[in-house]
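Quick notes on the structure that follows.
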Amino acid sequence: MAESKPKQPWMVNLSTFVAVCGSLAFGSCPGYSSPAQAAIRNDLFLTIAEFSLFGSLLTFGAMIGAITSGPIPDLVGRKGAMRVSSAFCVVGWLAIFFAKGVVALDLGRLATGYGMGAFSYVLSPSRQVPKLIFLLVVQLRSTLLLILEILC
């Protein structure tokens with residue numbers, strides 16, 4: 001008879017914490033560009049129309065990410081899907097940070113939006129996660145989103 005692995009509740013709690021940290025990127029991304037609008041426009045010499053496109057690309061990327069994120073966990077698993085989502089967010093933030101023109105800025109915003117949309121699908125209930133922990137994650141995500149959007 002095979003031995004069963006001892007349950008490690010700290011691993012479930014750590015994984016839950018890491019998953020909720022994705023809400024940090026999710027909440028700070030839409031909120032940071034409004035107070036930084038003048039600086040972004042001055043640094044990159046953007047018109048109001050170009051900056052408006054920059055703001056809209058986040059929503060467009062999130063929409064594409066949410067639509068296409070269904071098969072990703074089936075292909076690479078839930079953890080792999082979180083890695084893919086995180087990679088898009090990191091690449092997007094780096095593109096925005098190092099942008100010298102409007103194209104890099106817009107591609108970074110689109111990638112960040114895609115990562116946000118894909119991440120919103122990945123964190124869904126499963127059989128391995130206790131119901132109480134999942135409910136706490138959902139509440140914590142919502143709270144983090146609200147707090148970060150208010151602060152930014």
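The values are calculated or read from the model by the stated rules, or taken from the named source; none is laboratory data. It should be emphasised that the depicted structure is a prediction, and the values quoted were computed from it without experimental measurement. Quick reminder, even Gly has a Cβ in these numbers, built from the backbone with ideal geometry, and neighbours come from all protein chains shown. These accessible areas exclude ligands, DNA and RNA; they are computed on the full protein's heavy atoms, side chains included. Shrake-Rupley method; radii C 1.70, N 1.55, O 1.52, S 1.80 Å.
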Can you list residue pairs whose Cβ atoms sit under 8 Å apart, with the first residue in region 70-85 being among the basic types (Lys, Arg) and the second being surrounded by 13 or more Cβ atoms within 10 Å (Cβ to Cβ) and in a helix (DSSP H, G or I)? Count only pairs 6 or more apart in sequence or on different chains. Arg78/Val122; Arg83/Val76
Give the number of residues within region 63-78 that are at negative phi and loosely packed, with under 13 Cβ neighbours inside 10 Å. 5
Flagged in region 93-103 as open to solvent by less than 40 Å² (accessible area, probe 1.4 Å) and assigned to a helix (DSSP H, G or I), in numbering order, are Ala95, Ile96
Mind counting the residues in region 27-43 that are modelled with pLDDT of 70 or more, under 16 Å from Ile147 (Cβ atoms) and part of a helix (DSSP H, G or I)? 5
Qualifying position, being part of a helix (DSSP H, G or I), modelled with pLDDT of 90 or more, out of contact with any Asp or Glu (no Cβ under 7 Å at 6 or more places or on another chain) and not aliphatic (A, V, I, L, M), among Gly22, Gly61, Gly80: Gly61
Could you check region 44-54 and list, in sequence order, the residues that are part of a helix (DSSP H, G or I) and exposed (fewer than 14 other Cβ atoms within 10 Å of the Cβ)? Ile48, Ala49, Ser52
